[in-house]
Amino acid sequence: MAEVARRTLLAGAAALGGAAAGLAAPGIAAAAPAASAAAASARPPGQGPVTLGPDDPRYSSLTRRGSNGRFVGKPERVHVVSTTEQVVGAVQQAVRDGKRIAVRSGGHCFENFVDDPSVRVLIDTSPMRAVYFDAARRAFAVEPGALLGEVYRALFLGWGVSIPAGATAEVGVGGHVLGGGYGTLSRRYGLSVDHLYAVEVVVVDRSGRARSVVATRDPEDPNHDLWWAHTGGGGGNFGIVTRYWFRDPAAEGDDPTRLLPKAPGVLLSFSATWNWKNLDEHAFSRLVRNHGTWYEHNSAPESRYADLFSVLMLNARNTGEVMLVGQLDATTPDAERRMRAYVDAVGRGVGARPALDHSVRPWLEAVAAVQESAPAPYKVKSGYLRKRYTDRQITEVYRHLAGSVPEGVTGSLWLVSYGGKVNAVAPDATAVAQRDSILKAICMTGWEGTDEAGAKHLAWVRDLYRGIYAHSGGVPVPDAVSDGSFVNYPDRDLADPKLNTSGVPWHTLYYKDNYPRLQKIKARWDPRDEFRHALSIRPAR
């Protein structure tokens, strides 16, 4: 049971990275070459490409790298690429041969969008991991194979800056940014895509010709719509990203140390733990209400708690504990006092006092440690919260976590901090439509062994999710409390009419009113629908 619980928490940690469509990108190390006048000349020349098939001893290492052990692909060939030109060539060959394409840099996709039997050609971009300052664009270039932890390291050590991105260091930039990209600095600085200046994408035109295109946030750019689609439109929809450029939209001048947000020097990290033995239904409900109410009152863009990131880990009773973990910028005034005030507010009236632990450590040490884990089967489901869960929803959560957990099943509901500067951006300024939420809910379970074990876990997490959203057809239909689901936590259940009885389609839950615009962009840039999966954007007719 302990090992299953550990893997469940690992699945949740990967969930915080938020990668979709197989474009997450655990690499090895991010290089930080000196600035150059041209982006292409700033990175070292690529190796390869390498093309291999099932008989090659490297094949299984490349096809079994997905983090979700539920899925294993069997493509006819794998292209390992290290330059944009090599990606163009691999895509062109697949289109010419009429083969279904998928792309992987690290494999943190929660569904089988990459590891699908219909995928015949896998393009592996993990060698593309350079991070450098592009003086010509006055922006930081990051290739899709770069690990978030290595991106943080390169930006911080080189220039003292960072991008607001995921809390899990081994998740990669590739798909993480495409779905919006949020993490520990987002309440303070916004989403990754709020700092996205440009993107380089390999696309396929109507004639079947593959080429690379650079699109920027400049409204006068003829490719501007392609940039917009990559500010939250999700991975596997429009083409293959080979490079991102980041610059704060409010930044001025040429000094790279002023073109992205400053990273904190040190962090105050904390954990508050309640033993399930001390939590009856009243105490549990009070804890969840307190937590949600606190975020209702402290999630404005200018909140004095904008530097706070936290996760309330509502783990099933058989794991033993409920935990509140988080961090603040330790250089801000009264950081420890604010931390204690927050924990006290969440625990007020609960009865049982938590075991509180905290420490101060360098920011880079806290965010850049890469600890990749072996693949394990798991299932993740998500929802945005505009307000705290209703009392009925909290009762449903308690029933599933404390009372109706089948033997051998473990799982969790995590409530992750959101809001702050994320909500200072208009819903149509980027493809991320959810811009007034305060929390993200993540329902998860993980397991070992047989299909029978997996079936029990899947049934449990689906029942938990369906129970929470029973009033709206089993899914988080946008209303006063909910605001749909997070595209970087893809969930094929949302497209299943047996599990989604709301009458609201999956694409509305992910994109809301932005979906028609994304369809038009899809029709322009991928008219042949070469880049597709089970929840991909459908081209406008």
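The values are calculated or read from the model by the stated rules, or taken from the named source; none is laboratory data. All of these numbers come straight from a predicted model, not from anything done at the bench. Reconstructed Cβ throughout: ideal geometry from the backbone, glycine too, with neighbour counts over all protein chains shown.
Some observations on this one:
- Some residue of segment 466-476 being in contact with a His (Cβ under 9 Å, 6 or more places away or on another chain), more than 22 Å from Ser417 (Cβ to Cβ) and of a type in the set (Gly, Ala, Ser): yes
- Segment 510-541, subset within 20 Å of Val114 (Cα to Cα) and hydrophobic (A, V, I, L, M, F, W, C), residue surrounded by the fewest Cβ atoms within 10 Å (Cβ to Cβ): Ala534
- Any hit, segment 370-384, residues being modelled with pLDDT of 95 or more and either loosely packed, with under 14 Cβ neighbours inside 10 Å or of a type in the set (D, E, K, R) (or both): yes
- If you go through segment 352-369 and keep only what is more than 23 Å from Gly446 (Cβ to Cβ) and surrounded by fewer than 19 Cβ atoms within 10 Å (Cβ to Cβ), you end up with Ala352, Arg353, Ala355, Leu356, Asp357, His358, Ser359, Val360, Arg361, Pro362, Glu365.
- Segment 452-482, subset of a type in the set (Gly, Ala, Ser) and either in contact with a strand residue (DSSP E or B) (Cβ under 7 Å, 6 or more places away or on another chain) or farther than 18 Å from Ala376 by Cα (or both), residue surrounded by the fewest Cβ atoms within 10 Å (Cβ to Cβ): Ala480
- Among residues of segment 284-299 being in contact (Cβ under 8 Å) with a residue 40 or more places away in the chain and surrounded by fewer than 17 Cβ atoms within 10 Å (Cβ to Cβ), the one that is nearest to Gly320 (Cα to Cα) is Thr293.
- Segment 300-322, subset among the hydroxyl-bearing types (Ser, Thr, Tyr) and assigned to a loop (DSSP other than H, G, I, E, B), residue surrounded by the most Cβ atoms within 10 Å (Cβ to Cβ): Tyr305
- Tallying residues that are in contact with a Gly (Cβ under 8 Å, 6 or more places away or on another chain) and free of Cβ contacts under 8 Å to residues at least 24 places away in the same chain within segment 343-359 yields 1.
- Pairs with Cβ under 6 Å, 6+ apart, first in segment 313-342 and touching a residue at least 24 places away in the same chain (Cβ under 8 Å) and more than 14 Å from Ser269 (Cα to Cα), second aromatic (Phe, Trp, Tyr) and part of a strand (DSSP E or B): Met313/Trp414; Val322/Trp274
- The residue that is farthest from Arg388 (Cα to Cα), among those in segment 479-529 that are hydroxyl-bearing (Ser, Thr, Tyr) and assigned to a loop (DSSP other than H, G, I, E, B), is Thr501.
- Pairs where the first residue, in segment 472-488, is under 14 Å from Asp513 (Cβ atoms) and the second is assigned to a loop (DSSP other than H, G, I, E, B) and among the basic types (Lys, Arg), C-beta under 7 Å, 6+ apart: Asp483/Arg386
- Members of segment 37-70 found to be surrounded by fewer than 18 Cβ atoms within 10 Å (Cβ to Cβ), at pLDDT below 75 and either polar (S, T, N, Q) or in a helix (DSSP H, G or I) (or both), listed by number: Ala40, Ser41
- Residue in segment 108-123 that is in contact with a helix residue (DSSP H, G or I) (Cβ under 6 Å, 6 or more places away or on another chain), farther than 21 Å from Tyr244 by Cα and not small (Gly, Ala, Ser) present: yes
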